[in-house]
Each structure stands twice: as C-alpha cells, then as structure tokens.
Amino acid sequence: SWEGKPVTSIGNNAFRDCTRLTSVTIGDSVTHIGNYAFYYCKRLSSVTIPDSVTSIGAGAFYYCYNMKSVTIPDSVISIGAEAFYYCDALKSVTIPDSVTSIGAKAFKNCRGLTSVTIGDSVTSIGSYAFMYCFRLKSLTIPDSVTSIGDGAFESCLQLTSVTIGDSVTSI
C-alpha cells in the first residue's frame, strides 16, 4: 500500500499534454522530476521547485510556453536536456551554485528571456542551451565553466555584452 508514503519522484511523462493544467505544487519529498513530466502543459504559468529536488529531467517543462517564472533551488545538481525548451514567457532564470551542468537545448527558444544568472559550479553549458533567446542582452559565464557547446548562444540577436570566465577551454 502507498497510503501515507511520501512521493519521491514525478515519473517520466507523468502530466504530459495536460493542456488545461494552470498550477502545480510539488511536495518537498520529491527528489526527481522525470523526463517530459510536464511536457506541453501550455497553460502552466509558474512553478516552484522544492529544495528536495536534485535533478530536473530532460524536457521536464518542454513547451510550457505560458510559464512566467520558475524557481530552481540550491539542491538541484543537473538540469536536463530541453528541460525548459520553449518556455516562451519566462523572463529571467537563476541557475544556482549547486548546478554543475546545463543540458543541451535546456533553455532553447525561451524568446522572452532577458536575464540569466549562471551559478559558480556550472562546468558545462550544453549545445544550443540558450539558442533563440532573442531578448538576452548580457551574459556572464563564471570561472567554473570549462566548455560551451555548439550553438549555445546562437541567434541571441540582442546579446551585446558577454564576459567569459578564465577556465573556458573550448567554445
């Protein structure tokens, strides 16, 4: 029996295509958000991820294009590929110091994104991670980053200022 036992993981595709879902509260016993868990929840407007979560799966919030805000806590270590792909309404994102890798296409097509803060533990920025973030104007890549993938900031048309940390060995 599952009665009385805490939920520790949101499974792959758990709420996929729940197009009328507008809000979600994730309990603080959850440690993992599965791949494509909230894929195409197009009316979902904000998400607070509790500080029990250590990993955000691939495509977890893919096509949540009305999501205006997301809080990523200091417990998260990895942000999967395409995790926030096409979150068009997202204006700013802070990637905490706990995160070590930003997956490929993680924030691709976040066309409303104007501000990105990358934490001091990120070592790699995946291919096409911020591609088509048209409104992103400035960016600081911390000293912890050693590699920046192909097309990571491709077509960031308003990008006018980039500071690249001392540890980058490949772009």
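The values are calculated or read from the model by the stated rules, or taken from the named source; none is laboratory data. Small disclaimer: the values here were computed from a predicted structure and weren't measured. Note: ideal-geometry Cβ built from the backbone for every residue, glycine included; neighbour counts use all protein chains shown. Surface areas here come from the heavy atoms of the whole protein model, side chains and all, with no ligands, DNA or RNA. Shrake-Rupley method; radii C 1.70, N 1.55, O 1.52, S 1.80 Å.
Below, the figures for the structure above:
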| read-out | value |
| --- | --- |
| Every residue from region 139-161 that is farther than 19 Å from residue 101 by Cα, open to solvent by 70 Å² or more (accessible area, probe 1.4 Å) and touching a residue at least 24 places away in the same chain (Cβ under 8 Å) | 158 |
| Selected residue (criterion: surrounded by the most Cβ atoms within 10 Å (Cβ to Cβ)) from residues of region 1-12 that are part of a loop (DSSP other than H, G, I, E, B) and under 19 Å from the mean Cα position of the chain (by Cα) | 12 |
| Qualifying residue in region 95-106 (condition: under 24 Å from residue 22 (Cβ atoms), modelled with pLDDT of 95 or more and either part of a loop (DSSP other than H, G, I, E, B) or open to solvent by less than 10 Å² (accessible area, probe 1.4 Å) (or both)) | yes |
| Residue ID - least open to solvent (accessible area, probe 1.4 Å), chosen from residues in region 43-55 that are farther than 15 Å from residue 27 by Cα and at pLDDT 95 or above | 44 |
| Among the candidates 15, 84, 61, 38, residue that is open to solvent by 70 Å² or more (accessible area, probe 1.4 Å) and not β-branched (Val, Ile, Thr) | 15 |
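Residue-by-condition table, conditions (1) on the phi < 0 side of the Ramachandran plot; (2) part of a loop (DSSP other than H, G, I, E, B):
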| residue | (1), (2) |
| --- | --- |
| 132 | no, yes |
| 136 | yes, yes |
| 140 | yes, no |
| 143 | yes, yes |
| 152 | yes, yes |
| 156 | yes, yes |
| 166 | yes, yes |
